[in-house]
Amino acid sequence: MIDDFTDGGVVLNSTQEVMGYESPSAALGGWRAFSFINNYQSGTLTLDENVGTFRIDSTGLGQVNLGWGWRVTPGGMVAISTNQLNQDWSGYSGIRFHISQSMTRLRLQARLATSVPGSSRSSGSPTFTITTTGASTFDIPFTSFLPTLGDGVVISNVDYVSVTLWNGFVGNTAAFDRIELIPNPEVPGDIDGDGDVDLIDADLFAAVLTDQDVDPMHVARSDLNNDESVDGLDIQPMTAALLDS
């Protein structure tokens, strides 16, 4: 889960660009930062992050930047080392938006950033336009992300996440009840959950088989014949999974 918007509320009505609002988010264990932009100064942008929902209303075209792991300064959202999320997302394939309301259309873009010694890397998705008149979901796969800084983000060490939401049309309302990660499909023999079967999985399987690894997820994935026990009967399907990889 990236955020389910259940840890407090922010209500803002503004005809101007606003920076500096932020609140702690329990979902990723770091700060959730906001910046608000109302592209039509004659309109009013209302952002309402109430319990369990995040809503953008605007009589003009409203844009909101959401950031996890960032802090807000007068110059915008800034990456600070003490806010790094240090998330391993190698077991996931993308980001899923649960849209609870949209009157016409909305636009979404997501960015990920990683800090590594001596440099930083980031990747961004294209901007997607979604047309929907009710509740729906929309997925942004990690395969759509392209490097925007350095060699691109390292999915196994995501330090900062940001999402840009446009309500997409004058007078539109866009609302979300949660933003979450999409788990990789289960692959038989993929004990570490990284999407493939290799020698690392073989070592983990052997460790589970000999009771040296009691990690609940590793144990569950090592039960390849689904008999609720990891024993000699699982060796053959594990061997087959390795040979097929």
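No lab work stands behind these numbers, since they all come straight from the coordinates. What you see is a predicted model, and the numbers here were worked out from it, not measured in a lab. Here the Cβ positions follow ideal geometry from the backbone for every residue, glycine too, while neighbour counts run over all protein chains shown.
Tabulated values for the structure
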{"item": "Under the Karplus curve 6.51 cos²θ - 1.76 cosθ + 1.60, θ = phi - 60°, whole-Hz ³J(HN,Hα) for region 229-245, x wherever Gly or Pro sits", "result": "8, 9, 8, x, 5, 8, 5, 4, x, 5, 4, 5, 5, 5, 5, 7, 7"}
{"item": "Computed E for S245/A206 - FRET, C-beta separation, R0 22 angstrom, nearest 0.05", "result": "0.85"}
{"item": "Karplus (6.51, -1.76, 1.60) ³J(HN,Hα), θ = phi - 60°, over region 90-96, in Hz, Gly and Pro reported as x", "result": "5, x, 10, 10, x, 10, 10"}
{"item": "Protection-proxy order for peptides 225-234, 86-95, each taking the mean of Cβ atoms within 10 Å per residue, highest first", "result": "86-95, 225-234"}
{"item": "Phi-based couplings in Hz for region 162-167 (Karplus 6.51, -1.76, 1.60; Gly and Pro marked x)", "result": "9, 10, 10, 10, 10, 6"}
{"item": "Equivalent ellipsoid, region 199-244 (semi-axes from 5 times Cα gyration tensor eigenvalues, Å)", "result": "15, 12, 9"}
